[in-house]
Amino acid sequence: MKYRKLGKTNIDVSLIGLGTMTWGFQNTEMQGHEQMDYAVDHGINFFDTAEMYAIPPTAKTYGTTENIIGSWFASRKKRDDIILASKIAGPGLPWIRDGEEINAVNVVKAVESSLTRLQTDYIDLFQLHWPNRGSYHFGEQWNFAPKADAEAETANFREVLESCKALIEAGKIRYIGLSNETAWAMMKWLRLSEEYDLPRIVSIQNEYSLLNRQFEPDLQEIAIQEDCGLLAWSPLTRGFLSGKYAGGARPEGSRLSIETRREHRDRPQTEKAANAYVELARKHDLDPCQMAIAFVNSRPFVTSTLIGATNIEQLKTNIDAIDLDLSQEVLDAIEMLRQDHPMPF
């Protein structure tokens with residue numbers, strides 16, 4: 001395994017991180033424990049979860065993933081070996097604090113509830129899952145139009161930072177990060193921490209893959225210059241880059257076969273682009289999933305690539321991508337394909 005620093009902290013996190021959102025719906029507690037055991041045995045020390053998991057989000061499955069991680073901690077006694085990241089849900093889910101926004105009070109409520117489910121005294125990285133004003137992720141890139149109310153947003157950011165500072169001082173969280181955020185907000189959060197001596201953002205978790213490179217160019221420069229790296233989610237674009245959805249296939253148990261929400265990635269041009277990358281991988285005798293993960297790993301602004309799997313064989317293949325260094329020929333071909341398929345969804 002390879003490791004990178006988490007922002008300006010002294011923490012080393014595995015370049016491949018373990019995503020957990022299927023545990024409690026697609027995967028059982030036993031399967032979740034099996035995945036954690038295998039991941040740790042192969043050098044992964046970074047687990048990423050969220051209070052809203054399992055996915056798809058429902059009132060019934062809310063918190064189940066954290067419960068599974070908590071039972072693993074209780075049985076394996078390896079809490080101190082793991083860098084644990086979780087997230088507070090943004091507004092809009094009525095079964096989580098009545099769908100209220102992220103604010104000082106709800107930050108405390110979220111942390112306390114997550115600590116109970118996770119059976120731990122502290123969370124290493126506490127992230128804001130999506131901002132109060134909405135996000136251009138989750139298929140909303142064409143509709144994202146935040147209100148021009150910088151004063152109110154700034155006041156909320158400062159309030160949340162002050163609440164997080166109190167939680168850090170109490171030993172309940174160690175560091176804070178953003179998720180599904182914009183360049184403007186990222187710089188605002190960083191500036192407020194400096195101006196008011198408040199906790200500094202150490203990471204940003206946004207979607208990033210061969211098929212979704214919206215993180216470039218603005219956010220990547222911030223990530224590098226401010227030493228606040230990307231935790232890349234969905235490096236396989238919900239499985240499209242594996243090739244398993246080619247020709248309209250929907251394998252039983254796959255994400256697209258069970259998803260209850262609108263899947264904005266499910267478009268003809270997405271399949272066309274995915275097929276091109278799969279063909280490139282096979283041309284060079286590479287596993288398509290490993291090529292896709294290795295590409296994300298190779299980016300200098302990435303701190304950790306978050307993988308998820310519904311079975312142990314997928315997990316093994318994805319973790320083994322750590323040993324793949326893409327040739328310049330493959331990287332050049334990827335850039336050519338990007339020009340052909342710049343933004344497929």
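The values are calculated or read from the model by the stated rules, or taken from the named source; none is laboratory data. Quick caveat, the model's predicted, so the values are computed rather than measured. All Cβ positions, glycine included, derive from the backbone under ideal geometry; neighbour counts span all protein chains shown.
Among the residues of region 10-27, is there at least one that is out of contact with any Asp or Glu (no Cβ under 9 Å at 6 or more places or on another chain), assigned to a helix (DSSP H, G or I), surrounded by fewer than 17 Cβ atoms within 10 Å (Cβ to Cβ) and without any contact (Cβ under 8 Å) to a residue 60 or more places away in the chain?
The answer is no, given that none of the residues of region 10-27 is out of contact with any Asp or Glu (no Cβ under 9 Å at 6 or more places or on another chain), assigned to a helix (DSSP H, G or I), surrounded by fewer than 17 Cβ atoms within 10 Å (Cβ to Cβ) and without any contact (Cβ under 8 Å) to a residue 60 or more places away in the chain.
Looking at the structure I just gave you, is residue 40 closer than 22 Å to residue 76 by Cβ, assigned to a strand (DSSP E or B) and not acidic (Asp, Glu)?
On the way: closer than 22 Å to residue 76 by Cβ: yes; assigned to a strand (DSSP E or B): no; not acidic (Asp, Glu): yes.
The answer is no for residue 40.
Would a scan of region 228-236 turn up a residue that is surrounded by fewer than 21 Cβ atoms within 10 Å (Cβ to Cβ) and either of a type in the set (Asp, Glu) or not in a strand (DSSP E or B) (or both)? Before you say what the answer is, go through the steps one by one.
From region 228-236, those surrounded by fewer than 21 Cβ atoms within 10 Å (Cβ to Cβ) are none; that's our starting set.
The answer is no, given that none of the residues of region 228-236 is surrounded by fewer than 21 Cβ atoms within 10 Å (Cβ to Cβ) and either of a type in the set (Asp, Glu) or not in a strand (DSSP E or B) (or both).
Among (1) farther than 21 Å from residue 237 by Cβ; (2) at pLDDT below 95, there is one condition residue 194 misses while meeting the rest; what is its number?
Here residue 194 meets the rest and fails (2).
The conditions are (1) out of contact with any Leu (no Cβ under 9 Å at 6 or more places or on another chain); (2) of a type outside the set (Ser, Thr, Tyr); (3) modelled with pLDDT of 95 or more, and residue 73 fails exactly one of them. Which is it?
(1)
I'm trying to understand the selection: among the residues of region 96-111, which are touching a residue at least 24 places away in the same chain (Cβ under 8 Å) and under 22 Å from the mean Cα position of the chain (by Cα)?
Answer for region 96-111, where residues must be touching a residue at least 24 places away in the same chain (Cβ under 8 Å) and under 22 Å from the mean Cα position of the chain (by Cα): 96, 101, 102, 103, 107, 108, 110, 111.
Which one of 331, 326, 286 is modelled with pLDDT of 95 or more, in a helix (DSSP H, G or I), over 21 Å from the mean Cα position of the chain (by Cα) and aliphatic (A, V, I, L, M)? Full working, then the answer.
Details: 326 fails: in a helix (DSSP H, G or I); 286 fails: in a helix (DSSP H, G or I).
Answer to the selection: 331.
Conditions tested, residue by residue: (1) farther than 19 Å from residue 225 by Cα; (2) among the hydroxyl-bearing types (Ser, Thr, Tyr); (3) buried (at least 19 other Cβ atoms within 10 Å of the Cβ); (4) out of contact with any strand residue (DSSP E or B) (no Cβ under 8 Å at 6 or more places or on another chain).
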{"site": "164", "(1), (2), (3), (4)": "yes, no, yes, no"}
{"site": "167", "(1), (2), (3), (4)": "yes, no, yes, no"}
{"site": "170", "(1), (2), (3), (4)": "yes, no, no, yes"}
{"site": "181", "(1), (2), (3), (4)": "no, no, yes, no"}
{"site": "184", "(1), (2), (3), (4)": "no, no, no, yes"}
{"site": "187", "(1), (2), (3), (4)": "no, no, no, yes"}
{"site": "191", "(1), (2), (3), (4)": "no, no, no, yes"}
{"site": "201", "(1), (2), (3), (4)": "no, no, yes, no"}
